[in-house]
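The structure under discussion appears below in the form of structure tokens.
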Amino acid sequence: MTEKSGQSGRKTLSSSVIAWGLILVVVTGIVSWFSFAAVYGVGVETGNSASNGSGNGGTTTGPTGPDYVYLAINANPDRNQSTDQYTPANFTVPSHTELVFVITNYDNGENAPASIYTQVNGTVGNLEYLNGSATGVSSIPVGQVSHTFTILRGPYAGFSVALPAAGTSSPSVVSFTAYFNETGTFTWQCMAPCDSYSMAGLGFMMGTMTVA
Ligand SMILES: [Cu+2]
């Protein structure tokens, strides 16, 4: 009984040793394979390969996304501030680049412009997108226009987007895509009669867009 149990114990022990030995061999084999693969670069696929076969070191430039331009109107705690203002009013964008403008208007005032300034002109597709909608619009009803972003002179004369008034508790957000390829500094202005001081004031409802 004692001996039998002893033998049984030894048998179990040697089975365990064999089992652990096998595991060790398998693990060592796997580790060795990966080391080999890592060193010699075979058999390991990591999805997107950086190599494009150009033979110049494999450096590739992937597609780049658009540059975003964020502008806000009356983005101060007093949404009905008496002096209407874009921030920033003077800014720089890169030329020959897909630009996505996002203009957030906190002003709930409506300032009906001349009908031409209810239209969207000069953006990609002559469209703008309201509050994240995937469907573009080519104009805003005149009674809903709060401000515009309009260029009257220079190579971009006629560029214009209309910005609807904010709701009582949330801003309106207009986005659009545009390319500006001629470099220089160009004046933009609001053509909705919002506030006479701002409309004539550089840095308020008038500013400069520098294309560099
Ligand atoms: Cu304005």
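Just a few scattered comments:
- Single residue of Ser82, Ser51 found to be part of a loop (DSSP other than H, G, I, E, B), modelled with pLDDT under 95, of a type outside the set (Asp, Glu) and farther than 19 Å from Gly167 by Cα: Ser51
- Put simply, of Val161, Val102 the only residue that is outside any loop (DSSP other than H, G, I, E, B), more than 19 Å from Gln189 (Cβ to Cβ) and among the aliphatic types (A, V, I, L, M) is Val102.
- When residues of the stretch 129-152 are limited to those that are part of a strand (DSSP E or B) and away from the ligand (no atom under 16 Å from the Cβ), the one nearest to Ala178 (Cα to Cα): Tyr129
- Cβ-Cβ distances below 7 Å connect the following pairs, each with a first residue in the stretch 169-193 that is under 15 Å from Leu71 (Cβ atoms) and in contact (Cβ under 8 Å) with a residue 12 or more places away in the chain, a second residue that is acidic (Asp, Glu) and surrounded by fewer than 18 Cβ atoms within 10 Å (Cβ to Cβ), and a separation of six or more residues or different chains: Thr177/Glu98.
- Filter result for the condition that a residue is away from the ligand (no atom under 11 Å from the Cβ), more than 17 Å from Phe91 (Cα to Cα) and either assigned to a strand (DSSP E or B) or more than 26 Å from the chain's Cα centre (by Cα) (or both), over Thr168, Thr177, Thr187: Thr168
- All of Pro193, Pro113 fail the test of being within 16 Å of the ligand (Cβ to nearest atom), of a type outside the set (Lys, Arg) and either surrounded by 18 or more Cβ atoms within 10 Å (Cβ to Cβ) or not assigned by TED's automatic domain parsing to the domain that holds Asp84 (or both), apart from Pro113.
- Checklist (1) aromatic (Phe, Trp, Tyr); (2) closer than 25 Å to Ser95 by Cβ; (3) within 16 Å of the ligand (Cβ to nearest atom) applied to Phe204, failing item: (2)
- The number of residues in the stretch 190-209 being of a type in the set (A, V, I, L, M, F, W, C) and in a loop (DSSP other than H, G, I, E, B) comes to 6.
The values are calculated or read from the model by the stated rules, or taken from the named source; none is laboratory data. As the structure is a prediction and not an experimental result, all values here were calculated from the model. Note that each Cβ is placed from the backbone with ideal geometry, even for glycine, and that neighbours are counted across all protein chains shown.
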